[in-house]
Each structure stands twice: as C-alpha cells, then as structure tokens.
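Comments concern the structure below.
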Amino acid sequence: MQTFGVLAWWLAAAAGALAGFGVGRYLLPPRAAGKRAAEELQADHDFVQSLFDATGALLMVLASDGRIERQNAACARLWPAGGVAAPVYLWDAVAPNQRDSVRRQIEAAACGAGPAQALTCFLAGTDDELWIAWTVVRLDGAGAAGRCLFTGVNETERVRGERERAGVEQI
C-alpha cells in the first residue's frame, strides 16, 4: 500500500511539472522553501522534460487558440532548422485541404467538447507527406487554462502500404 502512495505522488508531481506547474512546491513545508526547493523543482522539471523528449511519439502542448507552446524532440525533427520554419499553429503543418477540419476539431477540444482524433496528412520540413494518427485532449487543472495535449504517431508507412495494395488490387 505504501508503494502505491509514493507512485501516486510521483505521477502527480511529474504531470504537474510537464504542464508547467510544480506539485512539489505545495507539498514542502514553508521553512524548506528557498534554494533546496528550487533545486528539487528544477530536477523534477528536467526529469519530466527528458521523458517528454525521449518518447518517439509526437507530443505538443497547445494553447487554447491552437498555438504550439511546447513540443518534444520528435516534433522538432519534423521541422529541421535548415528546412521550413516550425509552425506557430498546429494546422500550419497540415495539408491545405485538411486545415479547416483540424482547426475546428482542436478548437472544439479546447472548449471542452471532448477529445478529438483523426488520421491527417502533415507536411514535414522536407515537404514530405506524413500521415499522423493523432489525439488532442484538453488539459484540466490548475495552470492548464484551456491548454491541450496533442499526441501523435507516424502512420505513413502503413498508409503507403495500404495505398500500394489498393493500387495492385485494382489492376
């Protein structure tokens, strides 16, 4: 039973650090504030950031208006420094014929309509088409203020394979 309590505390602290606010600062006694508390908060933040960047999945924190506030390393690799500039809004990276639909889905999720998900064609910095299966959920809680979490998985090879099989079957 003790292990569950420690795990629950750690998960709450990690989630808070990822969203930009630290649970740890509320759990420390006032006299423990100061340099030690700041170091612990920074260590928590750095650990969660390393988890955020280590995953191969695409992760972004979006403002309520769809602006990209934060992205992990997997997303940053889609827009290399020498290529096209990183998008300001998520839908800037989407194929033109799908932008309005993606924008409406994200705005609805940010307003609390529930999660949005789709398989969408994104344009990478190399002008390659990437098919991303994605979900956007609203982050609720202190400090979240209508922010959303975007998670995505690259499905490009699967989509290409299905298209090739469909082309062979039609012949």
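None of the figures in this text is laboratory data; all of them are computed from the coordinates on show. Keep in mind that this is a model prediction, so the values were computed, not measured.
For segment 148-163, 3J(HN,Hα) computed residue by residue from phi via the Karplus equation (6.51, -1.76, 1.60; θ = phi - 60°) reads 10, 10, 9, 10, x, 10, 6, 10, 4, 5, 5, 5, 4, x, 5, 5 Hz, glycine and proline entered as x.
For Ala95, the residues 5 or more places off, or on other chains, whose built amide H falls under 5 Å of its own are Cys121, Phe122, Leu123.
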